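The values are calculated or read from the model by the stated rules, or taken from the named source; none is laboratory data. All values reported here derive from a predicted model rather than from experimental measurement. Positions of Cβ are backbone-derived with ideal geometry, glycine not excepted, and every protein chain shown enters the neighbour counts.
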Amino acid sequence: MNVPSDSAEPKGTLALALAHGFDLLGPSPALAAEQAQEILKVAKGDPRAHLLMGAARRRLGETPAAIAHLAIALKAAPPSPELLLELALAEAQRGEGKRAMSIAARAMQTEGGIANGWRALADELTRAGDDELAGRAYVNHVTASAKDPALIEAAVALNDGRIAVAERLLKAYLTKHPTDVAAIRMLAELAARLGRYRDSETLLARALELAPEFRAARHNLAIVLLRQGKSLETLQQTEELLKAAPKDPGYRTIHAAALIRHGEYDRAIKVYGGLLAEFPNQPKAWMSYGHALKTVGRTPEAIAAYQKSITQKPSLGETWWSLANLKTFRFSEEDIATMQREYAREDISDEDRVHLAFALGKAFEDKGDYARSFAHYDRANTLRQTQIGYDEDEMADRV
């Protein structure tokens, strides 16, 4: 990361100290944080020092502290692309993918926007388990970095949701450039969005034939294989990824998920335990960790993992529903109030809303408040039917 400059400041010890701190971010974020702390002792309000501290804390997995420092920097000076990108990455890290995408868009529109910012955000969203938004961020990266007008047009169409147009353009482009692995991967992303996972798998396999070191395509292939329930094939891909980057949290996350699907719960628990010790701010990973612990009968630890998940992201409905399904667990009044607050939000996904409604139904059922319980179950089932397009009368007519 380059140090955001202040043209009014003469070169001196502060500038050198900041430059040294930013140089430390890659090899040792802990030392970068120490450097930022020393700088803040003498320059408490310097936005670049807060940016440095925020960037270091994010890399250490300390997301709330990172966002606090980045917010101070944002108030103290006009937002630089570096600052906005760091804030976007931190929001993605704590599971706020939509907010991260919005902030990243501002970063890229700012004069001097960072060329690889979208790709960095795609990686962070993947680590956070938001594959859909990660795919969109990757397409934005292609749009920003591609030089061929036809490929740019296809990327823009895909990003705008004009799927048929994007598919036509990509196929035409690949007829002329059949070995362009970036275009092949983009077509695979399109197929995955449509649920055509076998087509996506075939395309990604072709990309890897052409470019075996194309790790982004291999990662996408692992995700597509997992969505098809091909756990053994997924593990083969994640093992290759981990040979190249054994500490990568995104690779470790999908590796653990594949281990669970394959029934290797003890190995999955070990992977999740190590991952979450290093990168604790991952609400979906805590939820998956809880699933694995529950399966092997470690219920108290599963409850603790689920509670970590909802502390980090209270809107994550699946975690609440997972707690509701534990026979020995009962929601507190505070839990119920939190679920009601999150359910009332307008910016949560339908999937989260369904799970929250089911969990509230169970919570009120356990309290003996059957009227409110039924109302929430009814809302959940109505929304679920809307999602899957099920019409009982229409189905009866067909039968």
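Run down ARG136, ARG162, ARG196, ARG168 and say which single residue is surrounded by 17 or more Cβ atoms within 10 Å (Cβ to Cβ) and either among the charged types (D, E, K, R) or under 30 Å from ALA256 (Cα atoms) (or both).
Result: ARG136 is the single residue among ARG136, ARG162, ARG196, ARG168 that is surrounded by 17 or more Cβ atoms within 10 Å (Cβ to Cβ) and either among the charged types (D, E, K, R) or under 30 Å from ALA256 (Cα atoms) (or both).
Does the stretch 357-366 contain any residue that is among the acidic types (Asp, Glu), touching a Lys or Arg at 6+ places or on another chain (Cβ under 6 Å) and within 17 Å of ALA380 (Cβ to Cβ)?
There is at least one residue in the stretch 357-366 that is among the acidic types (Asp, Glu), touching a Lys or Arg at 6+ places or on another chain (Cβ under 6 Å) and within 17 Å of ALA380 (Cβ to Cβ).
Looking at (1) free of Cβ contacts under 8 Å to residues at least 12 places away in the same chain; (2) farther than 20 Å from GLY250 by Cβ; (3) in a helix (DSSP H, G or I), which is the one condition that is false for PRO78?
With (1) free of Cβ contacts under 8 Å to residues at least 12 places away in the same chain; (2) farther than 20 Å from GLY250 by Cβ; (3) in a helix (DSSP H, G or I) applied to PRO78, the lone miss is (3).
Given the conditions (1) surrounded by 21 or more Cβ atoms within 10 Å (Cβ to Cβ); (2) more than 15 Å from LEU133 (Cα to Cα); (3) among the acidic types (Asp, Glu), report the number of the one that GLU189 does not fulfil.
The number of the failed condition is (2).
Among ALA71, ALA65, which is out of contact with any helix residue (DSSP H, G or I) (no Cβ under 6 Å at 6 or more places or on another chain), modelled with pLDDT of 90 or more and either of a type outside the set (Ser, Thr, Tyr) or surrounded by fewer than 24 Cβ atoms within 10 Å (Cβ to Cβ) (or both)?
When all the criteria are applied, what remains is ALA71.
For the stretch 227-236, which positions are in contact (Cβ under 8 Å) with a residue 12 or more places away in the chain, assigned to a helix (DSSP H, G or I) and either closer than 20 Å to ILE184 by Cβ or of a type in the set (Val, Ile, Thr) (or both)?
Hits for the stretch 227-236 are ARG227, THR234.
Exactly one of (1) more than 26 Å from GLY61 (Cβ to Cβ); (2) surrounded by 14 or more Cβ atoms within 10 Å (Cβ to Cβ); (3) among the β-branched types (Val, Ile, Thr) is unmet by ILE348. Its number?
Only one criterion is unmet by ILE348, namely (1).
Among the numbered conditions (1) part of a helix (DSSP H, G or I); (2) of a type outside the set (Ser, Thr, Tyr); (3) modelled with pLDDT of 95 or more, tell me where GLN385 comes up short.
(3)
Going by the structure shown, is ALA56 within 25 Å of GLY97 (Cβ to Cβ) and either part of a helix (DSSP H, G or I) or of a type outside the set (Val, Ile, Thr) (or both)?
yes
Condition test on ALA150, is it at pLDDT 75 or above and within 25 Å of ALA285 (Cβ to Cβ)?
So ALA150 fails the test.
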